[in-house]
């Protein structure tokens, strides 16, 4: 049974279009007669972008241009005849007449389908070639004057022509054998084509060639010329297919394990593409895209490009691939040249610092100074601050407030127990599991190159065989060097000069001397009772109330109750234990509310012992000094100031000196110095020199289980010894602090604020100290010292003139000197 080749080809072309009942016209004409359709003088021209229509061929064409849609719709309603010409430039979106070839094919619209997306698909059947002589108009679509070109095969019955046609058939069969992608139906269609003209057009239309080459075939004057050119192109296609087959055959015969792995990876790649997973190519493309937006330093950009090219050459399954990929990701994740804008509203910054922290005036003033200079200059190397003080005074939380006031990102890095230098400088990339140092990691995490960076517990950095992290920090914290910080993993210098580093420490002694020299030390002393009371009222009680789900109306705490908790249940510089005790009180309230029990709306001092148990600490208070030899001194501790009592007594002996109360070397030296001074100046105080050789002196400081040391008890010891030797009592409600020299000079000491406030709480009214400590007193809030009188001295004589009362103690006991047994001196034995 013979099959109409035109109909078979049409069915092959439309096999996947699901178009039923399609009307296939014979080449004779639309009405089915044997005569060809007569070509009109003018044709509406439809430009084709990527194909060429040959006479006798049926192709589907999707029309998307508005001009083309108007053309086909009008033609479909009329005689369905249009002219089809290929574009010279396929990328031209709206071609004009000069963008089209001169020779095209008259086509008949068999079917038109409107698609949901607005495009229109038409089924075209090529009829006859034509040549454009002129274009009549361009709008609303192109219309051209055309002249037909006859298809003829000269001498087609000659041997040469028959050989040419047979060569075309043989070449087509060879292509079918070499290309398994061509369907079997094409072979059937090829075998049933008898017309040399139709065979030439059929093979030309289905040839794997460029549009320009197919247009060249269409423009040949005769079918024989077209067939010769077609055979040349087909032979080229055969050569390409045979070469491809040979390469595949050779590759398949030489395949080894590595090639097998490659093909498996290609399959994995296809699966990854289907699943939307990242592939090595996509990863590298994404990294390059992100890198294009970076504000690289020139050396960093060159280094990145070099590493990216290296990654491109590495096999994705090689061990070096993820190492290099992670390195490039780190480089593009770092905020090169990206800075947050500083907030220069100094009043706002002051409000934030005051709202977050009570007291700490020096620290706040230093931050405001930094902001002021930065605002005026708009450029300043970030200072390296070190907040030094006891635990719990707010050093770390102050860093958050600084970041909030500046409007910068906040980073905290705990250095406690750090003993590996690589934690600071990073590891070399050559090591397995290499990572950048924590400095670079935290900068990456913050997303900014000018954060506030808290180096917490810098005094607790240790060293071992892995290196010395404290020495590694020298480069980080040196304003002259950290603009080119070199991390071992990053391998490129990174600018840390605009990072504001804030270190915290509990002790300066354990900090590396060179490291301490690079930092500006700001001391945060312990809070006084008055400051703790304000902190508890403004911060701790509201915080605990909120944490336990209570509102402001649930309860309130009396000031006396808070003071009792501070003095009798906590003994610390900071407020951590105080917050815990307040939390205990709040839980008692929460429990009563949950059980619907009665509870006091205002917590008073009498409720504290019931809820917190017996008092833990006793508050020292002034005990009076009616006996000679007892003097009240002032001492500084890590948990605040305290008063202490120094007692002296005399007993018969040979001039020995006994010290008790677990005194340190400095206090022992102060006692020896005081005794030596009195021996040298005994005449000034009317002391019989023989007493020093015939009586033993014992100096004791109570609370013997507590270690005591420091120079500030010098004048206190001297006054106590002078009092016992002269039997003159001390002025009531008097305390003193200061260091002495062998010449009788009084030197200034530290911890004045804590000592003075402790004296005020203990009931002291007069305080003696060195005149050079006057500046320290002036820095204290006037409301804290309004009931105190200060006596500033420069010499020991000034101290004794103020401290010793003129009258002697009346004591019935008498000590007899060896040389004058009948004339004894009355001395008090304590």
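The values are calculated or read from the model by the stated rules, or taken from the named source; none is laboratory data. No experiment lies behind these values; they were computed from the predicted model shown. Cβ: placed from backbone, ideal geometry, glycine included. Neighbour counts: every protein chain shown.
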- Item | Subset of the stretch 648-671 (residues that are closer than 14 Å to residue 710 by Cα and not in a strand (DSSP E or B)) | 661, 662, 664, 665, 666, 667, 668, 669, 670, 671
- Query: Are any residues in the stretch 119-134 part of a strand (DSSP E or B) and surrounded by fewer than 16 Cβ atoms within 10 Å (Cβ to Cβ), and if so, which ones?
  - Reply: 131, 133, 134
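Listed here are the residues, each with its yes/no results for (1) within 55 Å of the chain's Cα centre (by Cα); (2) more than 23 Å from residue 627 (Cα to Cα).
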| site | (1), (2) |
| --- | --- |
| 748 | yes, yes |
| 751 | yes, yes |
| 763 | yes, no |
| 795 | no, yes |
| 799 | no, no |
- Task: Quick one: count up the residues across the stretch 685-700 that are within 17 Å of residue 657 (Cβ to Cβ), in contact (Cβ under 8 Å) with a residue 24 or more places away in the chain and either touching a helix residue (DSSP H, G or I) at 6+ places or on another chain (Cβ under 9 Å) or not in a helix (DSSP H, G or I) (or both).
- Result: 10
- Item | Matching helices (runs of 4 or more DSSP H) fully within the stretch 519-588 where at least 3 residues are touching a helix residue (DSSP H, G or I) at 6+ places or on another chain (Cβ under 7 Å) and without any contact (Cβ under 8 Å) to a residue 60 or more places away in the chain | 541-547, 559-568
- Task: Find the residue count for the stretch 177-188, including only residues that are farther than 15 Å from residue 207 by Cα and touching a residue at least 24 places away in the same chain (Cβ under 8 Å).
- Result: 2
- With respect to residue 397, is the statement that it is assigned to a helix (DSSP H, G or I), surrounded by fewer than 17 Cβ atoms within 10 Å (Cβ to Cβ), touching a residue at least 24 places away in the same chain (Cβ under 8 Å) and within 22 Å of the chain's Cα centre (by Cα) true? yes
- Query: Do we find that residue 226 is surrounded by 12 or more Cβ atoms within 10 Å (Cβ to Cβ) and either over 53 Å from the mean Cα position of the chain (by Cα) or modelled with pLDDT of 85 or more (or both) in this structure?
  - Reply: yes
- Hey, residue 363 in contact (Cβ under 8 Å) with a residue 60 or more places away in the chain, crowded, with 16+ Cβ neighbours inside 10 Å, assigned to a helix (DSSP H, G or I) and outside the structural domain of residue 570 (by TED's automatic domain parsing) or not: yes
- Task: Identify, by number, the condition in (1) surrounded by 12 or more Cβ atoms within 10 Å (Cβ to Cβ); (2) in a helix (DSSP H, G or I); (3) under 60 Å from the mean Cα position of the chain (by Cα) that residue 176 doesn't meet.
- Result: (3)
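Is the stretch 769-776 home to any residue that is touching a residue at least 60 places away in the same chain (Cβ under 8 Å) and either surrounded by 21 or more Cβ atoms within 10 Å (Cβ to Cβ) or in a helix (DSSP H, G or I) (or both)?
Quick first cut of the stretch 769-776, residues touching a residue at least 60 places away in the same chain (Cβ under 8 Å) only: none.
No.
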- Task: All but one of (1) surrounded by 16 or more Cβ atoms within 10 Å (Cβ to Cβ); (2) free of Cβ contacts under 8 Å to residues at least 60 places away in the same chain hold for residue 108, so report the exception by its number.
- Result: (2)
- Being loosely packed, with under 14 Cβ neighbours inside 10 Å, modelled with pLDDT of 85 or more, in contact with a helix residue (DSSP H, G or I) (Cβ under 9 Å, 6 or more places away or on another chain) and outside the structural domain of residue 362 (by TED's automatic domain parsing) narrows it down to one of 800, 742, so name that one. 742
- Going through the stretch 589-605 in order, the residues found to be assigned to a helix (DSSP H, G or I) and loosely packed, with under 13 Cβ neighbours inside 10 Å are 591, 594
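Examine the stretch 283-292 for a residue that is closer than 22 Å to residue 263 by Cβ, modelled with pLDDT under 85 and outside the structural domain of residue 498 (by TED's automatic domain parsing), and state whether such a residue exists.
yes
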- Query: With respect to the numbered conditions (1) in contact with a helix residue (DSSP H, G or I) (Cβ under 7 Å, 6 or more places away or on another chain); (2) assigned to a loop (DSSP other than H, G, I, E, B), which one is the sole condition not fulfilled by residue 703?
  - Reply: (1)
